[in-house]
Structures are given as structure tokens and as C-alpha cells.
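Right, one structure below, let's go through it.
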Amino acid sequence: MSVSNDYEHRAYICIATGGIYFVSDLGEVDDDTPEGNEGSDQFISVPHKNDLDLGRDLGVSFVAQEMPDDYDEVRDVLRHRGRASRVVRGIRSSAPP
């Protein structure tokens with residue numbers, strides 16, 4: 001769960017009901033969070049974004065495989081901090097409503 005960089009917030013999905021429960025080291029977020037969700041085989045822990053290895057390398061690998069003609073341009077955009085968000089904002093502002 002990516003709410004916190006420090007893993008102080010966690011989320012669990014109940015296998016039986018599909019319910020999603022949020023837990024925080026700062027206190028329970030959901031009043032109806034069942035006890036014993038950590039380590040239980042009835043719940044699946046939602047991974048933190050840092051555990052998924054999502055980042056620049058994943059984006060570059062995807063482009064290399066799926067968009068090889070655009071590889072150099074995308075790699076250049078992702079190489080510069082903040083440039084990708086500026087490119088996305090430019091695309092959004094020029095898109096029709």
C-alpha cells in the first residue's frame with residue numbers, strides 16, 4: 001500500500017468477502033477491521049508500492065519490448081527528473097475534453 005513510505009500503513013483483502021481493511025501503526029483506520037488479519041490465511045496483504053519494483057527500469061523495459069521505435073525518446077524523457085510529468089501534463093492539456 002503506497003500511502004506511506006515507512007510501511008506504517010497496511011491494507012488487507014478478506015478472501016471470503018472481498019472486503020478491504022486498512023490498518024495503521026498510528027491506530028486502526030477502519031473500525032470494523034477484524035482481529036488477527038496479519039498472518040491469517042483468510043486475508044491477503046496488499047503490497048507496498050516499493051515491494052513491486054515499479055519504476056523507471058520497468059517503464060524502459062516495457063517500451064523496449066512494446067514500442068521499440070520510441071525507445072530512445074522515452075528513455076531520454078525518463079532520464080531527467082520531473083520531465084516525464086511535464087510531458088504527461090502537456091499531453092493532457094492538448095487532449096480534447
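Filtered by the rule that a residue be touching a helix residue (DSSP H, G or I) at 6+ places or on another chain (Cβ under 7 Å) and modelled with pLDDT of 75 or more, region 68-90 gives D70, Y71, V74, R75, V77, L78.
Could you tell me which residue of region 11-64 is surrounded by the fewest Cβ atoms within 10 Å (Cβ to Cβ), considering only residues that are modelled with pLDDT of 75 or more and of a type in the set (D, E)? If we take residues in region 11-64 being modelled with pLDDT of 75 or more and of a type in the set (D, E), then D41 is surrounded by the fewest Cβ atoms within 10 Å (Cβ to Cβ).
The values are calculated or read from the model by the stated rules, or taken from the named source; none is laboratory data. The shown structure was predicted, so the numbers you read here are calculated from the model rather than taken from an experiment. Neighbour counts are summed over all protein chains in view; Cβ atoms, including those assigned to glycine, are modelled from backbone coordinates with ideal geometry.
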